[in-house]
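To start, the structure itself, in structure tokens.
The values are calculated or read from the model by the stated rules, or taken from the named source; none is laboratory data. All values derive from a computational prediction rather than experimental measurement. Positions of Cβ are backbone-derived with ideal geometry, glycine not excepted, and every protein chain shown enters the neighbour counts.
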Amino acid sequence: MSYAYLFKYIIIGDTGVGKSCLLLQFTDKRFQPVHDLTIGVEFGARMITIDNKPIKLQIWDTAGQESFRSITRSYYRGAAGALLVYDITRRETFNHLASWLEDARQHANANMTIMLIGNKCDLAHRRAVSTEEGEQFAKEHGLIFMEASAKTAQNVEEAFINTAGTIYKKIQDGVFDVSNEASQSYGIKVGYGGIPGPSGGRDGSTSQGGGCCN
Amino acid sequence: MHETDIHDLSDDADYAAASKQGSSSVTRSDSSKRSSSSEPEDAQIVYLKDNVSIHPTQYATERIGGRLKLIKQGSSLVMTWIPYKGQSSNPRLSEKDKNLYTIRAVPFSDIQSIRRHIPTIGWQYVIVVLSSGLAFPPLYFYSGGVREFLATIKQHVVIVRSSEDANVFLVNNFQDPLQRTLSSLELPRSLANGTPSSSFRGSPSPSDNNNQETQLDTVNTSGSGQQNNNRQRQKTQDPARDLSIQVLEKFSLVTRFARETTSQLFRDSLVDGQGQSQSQSQGQGQNERRRNNWASKDHKPLEMAPIDAPIAPKDVPVPSDPLEFDKLSLVWGKPRQHPLGVEEWSNFLDYEGRIMDPDALKKRIFYGGVEHNLRKEVWAFLLGYYSYDSTYAEREYVVSVKTSEYMTIKNQWQSISPEQAKRFTKFRERKGLIEKDVVRTDRSLSFYEGDDNPNVRLLHDILLTYSFYNFDLGYCQGMSDLLSPILFIMKDESEAFWCFVSLMERLGPNFNRDQNGMHSQLFALSKLVELLDSPLHNYFKQNDCLNYFFCFRWILIQFKREFEYDKTLRLWEVLWTHYLSEHLHLYVCIAILKRQRGKIMGEEMDFDTLLKFINELSGQIELDPILRDAEALCVCAGENGAGLIPPGTPPALPIPEASMYQQQDDEVL
């Protein structure tokens with residue numbers, strides 16, 4: 001399937017916060033509580049449309065356990081966007097955000113767009129982290145923030161698509177130089193119908209919406 | 001030539017059997033001349049030699065004796081070698097095994113060359129190389145007769161002695177470059193030196209050769225029982241094994257060179273070791289030309305020895321050619337057998353239940369695995385929960401002692417009260433992690449599916465108990481993947497626990513906080529790929545993939561996610577035999593990579609693409625061919641391969657002095 005741009009995303013956060021479920025909800029529009037835990041990394045992909053341009057999101061879903069941090073760090077290379085996920089019902093997953101962020105800052109491109117997601121917001125009765133705390137953390141660290149639920153699909157589309165929107169805007173604003181091969185180090189590939197350079201106008205590429213692909 | 005005069009072999013069991021066979025061969029050969037229906041009317045046996053054997057492995061018990069014949073059919077000459085029926089000194093060597101090596105009527109028009117080896121002491125042997133590039137295993141003439149063999153051939157076919165090596169006889173083809181190519185077989189040292197990173201052993205000098213032949217005989221006469229007892233020693237220092245590995249190495253070179261020769265790459269240029277050393281000035285240009293040949297002829301020689309000039313993947317399409325690789329495993333990897341069954345298993349046990357020949361058992365399992373209903377019993381041995389020399393009664397006793405020991409450890413965490421747990425963060429964390437993971441482990445399997453499945457509870461209890469048994473290592477993701485099949489087979493909680501403990505003795509370092517166990521295996525893997533496929537190694541190097549993180553999951557949980565569940569069980573029991581190598585899993589990695597090398601290099605995959613590609617191989621890999629390839633690679637790598645794997649690399653048992661499982665921020669209780 002042709003795309004104007006391909007963005008590489010990485011999903012990070014403590015084990016069991018729902019990274020794989022968020023990905024599955026986004027790519028397959030379903031919630032599967034019983035799935036195998038992630039060893040190393042798993043991949044997902046989906047086409048979205050922004051500004052009438054087909055954009056392919058290639059998403060890396062990583063293992064969350066501390067022991068695997070050293071290998072997870074090698075996945076940051078060339079990611080355009082990151083979803084940093086915590087579980088609103090488990091305080092410690094929120095407490096660990098700073099260390100995840102440090103990894104991301106250290107190993108990823110400085111212009112990587114990071115979206116903070118407080119997952120499992122359907123479990124409000126077991127909430128251990130308030131929405132305000134999440135907002136506050138995001139503000140302090142310059143992240144976009146959203147609470148979401150992989151189970152009910154609330155805000156899942158938005159989380160992935162808003163991140164893509166932000167990256168797309170960075171391209172339009174000329175933050176990334178997508179006119180040459182260097183764009184790949186930002187986690188962006190220009191595909192068929194892509195516009196080289198920040199100020200390109202619309203072209204005739206077909207818009208591809210919503211479907212899943214791999 | 002009469003080696004028996006030079007060196008008395010009469011006390012060698014195999015030799016004795018062969019001699020017996022030989023003594024009665026004359027009458028039978030006469031009758032075969034008259035009555036054999038397999039030979040056409042005009043066929044005439046012009047040469048017949050008994051006691052010509054092949055040595056599929058370094059073990060004397062596995063040699064296969066047979067009869068070599070040259071038959072004249074009209075104007076053509078054919079060669080046959082038929083193994084003797086039911087005469088093997090090893091009853092476990094099946095007829096099927098033997099038939100694999102049978103040479104049925106090969107016309108000399110298909111033969112490229114014959115290389116003879118006439119050591120001063122020891123058996124003469126010849127290696128017959130086909131035009132297709134395949135070579136038959138060395139044929140050992142226990143009763144001499146190589147000279148006569150060659151003389152007979154000469155009467156019927158045009159053969160020419162290589163101008164540069166008096167021991168190479170070229171059949172059908174005697175162009176100059178070819179002669180030089182074949183004669184270069186003698187120079188693996190110079191070939192190896194062509195690649196600075198290579199550690200291939202050089203060819204022994206004639207005097208070395210003699211010494212080793214002598215040692216080979218010494219070992220041969222020592223009998224097979226002793227060999228089994230001394231497997232460990234043999235592995236590390238047995239000169240006979242060294243020699244056989246050298247022969248294997250040369251053999252792989254023979255195969256390779258012949259293939260390259262027949263592919264006509266060398267008709268106009270010569271770029272192997274000797275050619276290079278003789279004409280350094282031309283070397284570079286010839287490399288270039290050969291590269292072009294590959295590209296233009298769409299041909300890729302087998303990359304077994306690290307002697308190739310690096311291919312530039314950006315310029316050259318790398319055709320995927322699994323057929324070439326299949327040929328390798330047909331020569332070196334034995335066909336897989338049916339799994340070990342109940343009846344056969346009982347033959348391995350003495351009347352009190354001891355395993356009489358653990359090595360034979362391991363070998364049997366290596367080639368065929370174990371029938372499912374036997375796994376519970378056999379795995380306990382393979383994993384080390386039962387010792388091979390234990391009796392039924394002793395095992396019963398062990399089970400009862402170990403069960404109560406397990407309960408004691410389990411009770412340590414079961415007795416933690418909620419109040420105590422509040423002040424025991426480490427415990428709460430581990431318990432929480434394990435609870436989260438056991439419900440995400442193989443739940444699609446009926447054994448673990450459904451709510452409140454008692455087996456999921458057992459996974460939890462065993463893992464938490466293990467994290468107390470080995471508190472320093474604790475719990476890490478991936479362990480539930482390793483435990484799941486063990487519990488599935490053992491069913492019993494305590495037995496599953498102790499089998500898991502045994503497995504973790506070897507694989508524990510995979511889960512160290514600093515990942516040192518994983519890194520040492522990935523490092524060894526990169527070294528082995530450098531040895532066995534230097535172009536692929538160079539490709540990974542150029543593309544920043546040398547960390548081999550794309551093989552991380554394979555190694556961490558022993559390919560558990562790459563194969564269907566039942567195939568994983570099969571693979572694991574094969575790996576656990578540690579037959580051939582403790583590190584067969586690394587050769588399994590290489591076997592898989594080799595089958596994909598054309599794709600990887602042809603599509604110019606970068607790190608990200610490669611990682612995704614490898615991940616997506618999950619469920620697509622056929623186990624049996626991969627095992628066969630892995631065996632072939634392991635045999636080809638030989639001692640050189642083993643030498644590249646640092647001591648203590650998992651699943652080798654850790655070096656005793658090394659401090660295990662150091663955790664940086666684990667606080668002492």
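Checked against the criteria, A:Glu158 does not count as modelled with pLDDT of 75 or more, acidic (Asp, Glu) and surrounded by 16 or more Cβ atoms within 10 Å (Cβ to Cβ).
Of the residues in region B:412-427, at least one is over 24 Å from the mean Cα position of the chain (by Cα), assigned by TED's automatic domain parsing to the domain that holds B:Asp451, among the aromatic types (Phe, Trp, Tyr) and not in a helix (DSSP H, G or I).
Considering only residues of region A:68-91 that are touching an Asp or Glu at 6+ places or on another chain (Cβ under 9 Å), without any contact (Cβ under 8 Å) to a residue 60 or more places away in the chain and not charged (D, E, K, R), which is nearest to the other protein chains (Cβ to nearest Cβ)? If we take residues in region A:68-91 being touching an Asp or Glu at 6+ places or on another chain (Cβ under 9 Å), without any contact (Cβ under 8 Å) to a residue 60 or more places away in the chain and not charged (D, E, K, R), then A:Ser70 is nearest to the other protein chains (Cβ to nearest Cβ).
Residue by residue, here is whether (1) of a type in the set (Asp, Glu); (2) surrounded by fewer than 22 Cβ atoms within 10 Å (Cβ to Cβ); (3) assigned to a loop (DSSP other than H, G, I, E, B); (4) out of contact with any Lys or Arg (no Cβ under 7 Å at 6 or more places or on another chain) holds:
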position	(1), (2), (3), (4)
B:Asn510	no, no, no, yes
B:Ser520	no, yes, no, yes
B:Pro535	no, yes, no, yes
B:Tyr539	no, no, no, yes
B:Phe559	no, no, yes, yes
B:Val574	no, no, no, yes
B:Ala591	no, no, no, yes
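Among the residues of region B:378-395, those that are of a type outside the set (S, T, N, Q) and under 25 Å from B:Ser581 (Cβ atoms) comprise B:Val378, B:Trp379, B:Ala380, B:Phe381, B:Leu382, B:Leu383, B:Gly384, B:Tyr385, B:Tyr386, B:Tyr388, B:Asp389.
To keep it simple, each residue is scored yes or no on (1) surrounded by fewer than 17 Cβ atoms within 10 Å (Cβ to Cβ); (2) of a type in the set (D, E, K, R); (3) not assigned by TED's automatic domain parsing to the domain that holds B:Leu584.
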site: B:Leu610; (1), (2), (3): no, no, no
site: B:Phe613; (1), (2), (3): yes, no, no
site: B:Leu623; (1), (2), (3): no, no, no
site: B:Arg628; (1), (2), (3): no, yes, no
site: B:Gly638; (1), (2), (3): no, no, no
site: B:Gly641; (1), (2), (3): no, no, no
site: B:Pro647; (1), (2), (3): yes, no, no
site: B:Leu653; (1), (2), (3): yes, no, no
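Residues of region B:382-415 that are over 30 Å from B:Arg430 (Cα atoms) and of a type in the set (Phe, Trp, Tyr): B:Tyr388, B:Tyr392, B:Tyr397.
Using the structure shown, decide if A:Ala98 is part of a helix (DSSP H, G or I) and without any contact (Cβ under 8 Å) to a residue 60 or more places away in the chain. Here the answer is yes, as A:Ala98 does meet what is asked.
Contact map, region B:603-617: residues that are within 12 Å of chain A (Cβ to nearest Cβ) paired with residues that are of a type in the set (D, E, K, R) and in a loop (DSSP other than H, G, I, E, B), Cβ distance under 7 Å, separation 6+ or inter-chain. Pairs shown: B:Phe607/B:Asp544. Which condition number does A:Asn109 fail, the rest of (1) surrounded by fewer than 23 Cβ atoms within 10 Å (Cβ to Cβ); (2) modelled with pLDDT of 90 or more; (3) in contact with a Phe, Trp or Tyr (Cβ under 7 Å, 6 or more places away or on another chain) being met? Among (1) surrounded by fewer than 23 Cβ atoms within 10 Å (Cβ to Cβ); (2) modelled with pLDDT of 90 or more; (3) in contact with a Phe, Trp or Tyr (Cβ under 7 Å, 6 or more places away or on another chain), the lone unmet condition for A:Asn109 is (2). Quick check on region A:53-63. Is at least one of its residues more than 13 Å from the chain's Cα centre (by Cα), closer than 25 Å to B:Tyr475 by Cα and within 11 Å of another protein chain (Cβ to nearest Cβ)? Taking every residue of region A:53-63 in turn, at least one turns out to be more than 13 Å from the chain's Cα centre (by Cα), closer than 25 Å to B:Tyr475 by Cα and within 11 Å of another protein chain (Cβ to nearest Cβ).
Here A:Gly13 meets each of (1) under 21 Å from B:Ser480 (Cβ atoms); (2) within 12 Å of another protein chain (Cβ to nearest Cβ) with one exception, condition (2). Would it be correct to say that A:Phe43 is at the interface with another protein chain (Cβ under 10 Å from one of its Cβ atoms), among the aromatic types (Phe, Trp, Tyr) and assigned to a strand (DSSP E or B)? Yes, satisfied. Checked against (1) over 24 Å from B:Arg553 (Cβ atoms); (2) within 14 Å of another protein chain (Cβ to nearest Cβ); (3) among the polar types (S, T, N, Q), B:Thr408 passes all but a single condition, namely (2).
Entry remark, region B:64-88: residues being surrounded by 19 or more Cβ atoms within 10 Å (Cβ to Cβ) and either farther than 27 Å from B:Ile114 by Cα or at pLDDT below 80 (or both) number 1 in total. Are any residues in region B:428-466 β-branched (Val, Ile, Thr), within 14 Å of chain A (Cβ to nearest Cβ) and assigned to a helix (DSSP H, G or I), and if so, which ones? Result: B:Ile434, B:Val438, B:Val456. The residues of region B:529-559 that are within 11 Å of another protein chain (Cβ to nearest Cβ) and among the charged types (D, E, K, R), listed by number, are B:Asp544, B:Arg553. Could you check, for region B:490-503, whether at least one of its residues is under 24 Å from A:Ser70 (Cβ atoms), among the hydrophobic types (A, V, I, L, M, F, W, C) and more than 14 Å from chain A (Cβ to nearest Cβ)? The answer is yes; a qualifying residue exists. Summed over region B:568-622, residues that are under 14 Å from the mean Cα position of the chain (by Cα) and closer than 30 Å to B:Tyr388 by Cα total 17.
Going by what's in this entry, would B:Phe471 be described as within 23 Å of B:Pro650 (Cβ to Cβ), outside any helix (DSSP H, G or I) and away from chain A (no Cβ under 14 Å)? The answer is yes for B:Phe471. Taking region A:26-37, which residues are surrounded by fewer than 23 Cβ atoms within 10 Å (Cβ to Cβ) and either more than 8 Å from chain B (Cβ to nearest Cβ) or under 15 Å from A:Tyr3 (Cβ atoms) (or both)? Hits for region A:26-37 are A:Thr27, A:Asp28, A:Lys29, A:Arg30, A:Phe31, A:Gln32, A:Pro33.
Beta carbons closer than 7 Å, at least 6 apart along the sequence or on distinct chains, pair a first residue in region A:127-147 that is among the aromatic types (Phe, Trp, Tyr) with a second that is at pLDDT 95 or above and assigned to a helix (DSSP H, G or I) for A:Phe137/A:Leu97; A:Phe145/A:Gly134; A:Phe145/A:Glu135; A:Phe145/A:Ala138. Before we move on, is B:Val398 within 17 Å of A:Leu37 (Cα to Cα) and assigned to a helix (DSSP H, G or I)? The answer is no for B:Val398.
Of all residues in region B:561-571, those that are within 13 Å of chain A (Cβ to nearest Cβ) and surrounded by 22 or more Cβ atoms within 10 Å (Cβ to Cβ) total 1.
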